[in-house]
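J.: My questions will all concern the structure given below.
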Amino acid sequence: MEESTKEQREYEQKVRLYETATDERKLELDLFWKRSTFFWAFIASSFVAYAALKDDITLRLFVASFGLICSLAWTLANRGSKYWYEMWEKKVEAAQNDVIGQNIYEKTYPANHPGRAWSGKRYSVSRLAIGLSDFTVIIWSMLFIITATKQCYTPTNWPALAAIFATIIYALSLLRGGRSAF
C-alpha cells in the first residue's frame, strides 16, 4: 500500500510538471506575439514620422535613432522569447513520455508537398518573425547612417552629434547588457 501511494505521488508530480511546462510554453508563445505587437506600434509610428519629417533632418535623425533602437530591442526580445519557448518545449517533451507514454511531436507530421506552391510547409513562424525583425534593424540602420551622414557635415549641430553617439552607445549596451542571467 505504501509503495502504491509513493508511485501515485510521483506520477501526480510528473503530471503537474507536464501541465506547468505546457502552460509556460503557451504563455511564452502568447508573450512572443504580444511583444511583437508592442514593438511594431513604435516601429510603424517611427516609419510614419521619419517619412513626414523630410525637411527637418535633425528630427529625422532622432526618429531614425528611436526606430533603430526599437528594432534592435524587438529582434533581441524575439530571440529571448524563442529561447524560453524552446526551453519549455523541451521540458514538455521530456515530461510527455512519463505522463502520456509517448512524445506526440516526434511521431506525426503533416504531409509536406515541396512541389506545390500553396501547400503547407515546415516553417517556424517565430523564426520568420526573427528574420523580419532583423531586416527591420537593417532598414533602420541604413536610414540612421544616411541621416547621420547628412548631419556629420554640420559639426555645429551638437544635438545631432549627441544623438549619433547616444544611439551607438545605447545599441551596444542593449546587445551586451540585455542578456538574461540564466
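Results for (1) of a type in the set (S, T, N, Q); (2) closer than 17 Å to S133 by Cβ, shown as yes or no for each residue.
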| residue | (1), (2) |
| --- | --- |
| S4 | yes, no |
| Y11 | no, no |
| L31 | no, yes |
| W40 | no, yes |
| V63 | no, no |
| G67 | no, yes |
| T75 | yes, yes |
| N78 | yes, yes |
| Y83 | no, yes |
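J.: When you check Y50 against the structure, is it in contact (Cβ under 8 Å) with a residue 12 or more places away in the chain and either within 17 Å of F144 (Cβ to Cβ) or touching a Pro at 6+ places or on another chain (Cβ under 9 Å) (or both), yes or no?
T.: Answer is yes for this residue.
For every residue, the table says whether it meets (1) assigned to a loop (DSSP other than H, G, I, E, B); (2) on the phi > 0 side of the Ramachandran plot; (3) modelled with pLDDT under 90.
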| site | (1), (2), (3) |
| --- | --- |
| E93 | no, no, yes |
| Y109 | yes, no, yes |
| R122 | yes, no, yes |
| R127 | no, no, no |
| D134 | no, no, no |
| I138 | no, no, no |
| L143 | no, no, no |
| R176 | no, no, yes |
| F182 | yes, no, yes |
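J.: Sticking with this structure for a sec: Kindly indicate whether V63 is crowded, with 19+ Cβ neighbours inside 10 Å and free of Cβ contacts under 8 Å to residues at least 24 places away in the same chain.
T.: For V63, the condition - crowded, with 19+ Cβ neighbours inside 10 Å and free of Cβ contacts under 8 Å to residues at least 24 places away in the same chain - is met.
J.: I would also like to ask the following. Is there any pair with a first residue in segment 16-45 that is farther than 18 Å from N78 by Cβ and a second that is of a type in the set (A, V, I, L, M) and loosely packed, with under 13 Cβ neighbours inside 10 Å whose Cβ atoms are under 6 Å apart and which are 6 or more apart or on different chains, and what are they?
T.: Listed by first residue and then by second, the contacts come to nothing, as the list is empty.
J.: Pairs please, first residue from segment 116-132 and without any contact (Cβ under 8 Å) to a residue 60 or more places away in the chain, second anywhere and outside any loop (DSSP other than H, G, I, E, B), Cβ atoms under 7 Å, 6+ apart in sequence or on different chains.
T.: Pairs that qualify, where the first residue is without any contact (Cβ under 8 Å) to a residue 60 or more places away in the chain and the partner is outside any loop (DSSP other than H, G, I, E, B), are I130/T75; I130/N78; I130/R79; I130/K82.
J.: Being within 22 Å of F38 (Cα to Cα) and loosely packed, with under 14 Cβ neighbours inside 10 Å is the filter here, so list the residues in segment 132-171 that pass it.
T.: F135, I138
J.: Of the residues T37, T75, T22, which is in a helix (DSSP H, G or I), among the β-branched types (V, I, T) and surrounded by fewer than 16 Cβ atoms within 10 Å (Cβ to Cβ)?
T.: Among T37, T75, T22, only T37 is in a helix (DSSP H, G or I), among the β-branched types (V, I, T) and surrounded by fewer than 16 Cβ atoms within 10 Å (Cβ to Cβ).
J.: Is there any pair with a first residue in segment 67-90 that is under 12 Å from G178 (Cα atoms) and a second that is among the polar types (S, T, N, Q) whose Cβ atoms are under 6 Å apart and which are 6 or more apart or on different chains, and what are they?
T.: As it stands, the answer is W74/S133; T75/S133, since those pairs meet every condition given.
The values are calculated or read from the model by the stated rules, or taken from the named source; none is laboratory data. The shown structure was predicted, so the numbers you read here are calculated from the model rather than taken from an experiment. No Cβ is skipped: glycine too gets one built from the backbone with ideal geometry, and neighbour counts run over all protein chains shown.
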